[in-house]
């Protein structure tokens, strides 16, 4: 017989003593252990003891026949998978079919060809071991599937909780931003009114204080409006007022409105195609997005640096590029800059102030227009941001 992973422990159950005697002699060399039973009841008692891993079972036995033994074996978890070769003297396909239905692994006819039976036992054992291995693999796969389903359910639960927390945070930001704008508008309005009053025209110190109040209030209102914008964009609550937009005019206005730091000697150069096509969008929001990019380019440029803004037609789109020669950033950090409230240099003593929402707002606004915004950068060499909008 071929080599198998476990030694053969055989049970021969037959009411013919001659057959049991021959089986003991012919099969003993092939089996590490061989037991015999003269009837079905004795076979079932022997099967209660652990160790037997193959059964030769006569179908025709008094009282408890082979069919009953098979049925009880398959109903018992401890014997359910033991292979059974049934022995029958019947030339009866119905009885053989009944045996297979009851759980037989194979069959042998009387008179038995013992040499052939040895090979059949080896084949049945190998088939049973392959089946056992397959069942084990299936159980492992089922266990893995159950674990994955549980992990997936926990992940869905965690994602749902995170989404709810994010929505709650967004609603809070929108609510608090709205509430803060009302008193700020009063502070800005009254400080501006006081600056125009004759009583303060000749008083430099009080006027400077009022100017600081006005400037700080205006800056804070700008920050609050930006937070409200990012909250509305996250909630999908921001709506565009679409109309034909002259991108060249927007860029010209932005450059004229930009106040450059006096001590840093920066220059801004524009290159706008004369035949620049209009785009379909919200002019204020497009100006807001480009304005954030221009503000970043100015903020991160070194002293004596150069910032350029170009606009040109390209394959049915308008391509807008904002380039600077500033500090730049590592490629690994590029994805992070589109996350709200993220600063690449997040140290408390960082050189450049800001909340890290300008670029995320610009990105979301351009996406809301159906456009695209991409960024390339190299440390110490500057940053280039490109916007693509569909031309009319």
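Any read-out appearing in this document is the output of simple, stated calculations on the displayed coordinates, not a laboratory observation. Predicted model only: the values in this text are computed from it and were never measured. Cβ coordinates were reconstructed from backbone atoms using ideal geometry, including for glycine residues, and neighbour counts include every protein chain displayed.
Table for the structure above
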item: Helical mean residue ellipticity (222 nm; -39500 (n - 2.57) per DSSP H run of 4+; nearest 500) of the chain; result: -17000 deg cm²/dmol
item: Order of 251, 135 under a 10 Å beta carbon neighbour criterion, fewest first; result: 135, 251
item: More than 24 Å apart - percent of Cα-Cα pairs taken over segment 243-390; result: 29
item: Percent of Cα-Cα distances greater than 17 Å, calculated over segment 180-282; result: 72
item: Taking the convex hull of Cα positions in segment 9-112, its mean projected area over all directions (nm²); result: 5.9
item: Rule-of-thumb Rg ratio for segment 79-189 [Cα; 2.2 N^0.38 Å; N residues]; result: 2.63
item: Angle in degrees between helix 247-257 and the longest Cα principal axis of the chain, rounded to the nearest 10; result: 60
item: With 10 Å bins from 0: P(r) over the chain, alpha-carbon pairs, percent; result: 4, 16, 17, 11, 6, 4, 5, 9, 12, 9, 4, 2, 0, 0
item: Estimated translational D of segment 166-235 in µm²/s (Stokes, Kirkwood radius over Cα pairs; 25 °C; 0.890 mPa s); result: 184
item: Rounded tilt (10° steps) of 114-196 against the dominant C-alpha axis of the chain; result: 20
item: 282, 16, 271 arranged by Cβ crowding within 10 Å, fewest neighbours leading; result: 271, 16, 282
item: Estimated FRET transfer efficiency when R0 is 25 angstrom, pair residue 178-residue 259 (beta carbons, to 0.05); result: 0.30
item: Rounded Å value of the spacing that divides the Cα centres of segment 58-133 and segment 150-209; result: 82
item: Where N is the number of residues in segment 219-326, Cα Rg divided by 2.2 N^0.38 Å; result: 1.16
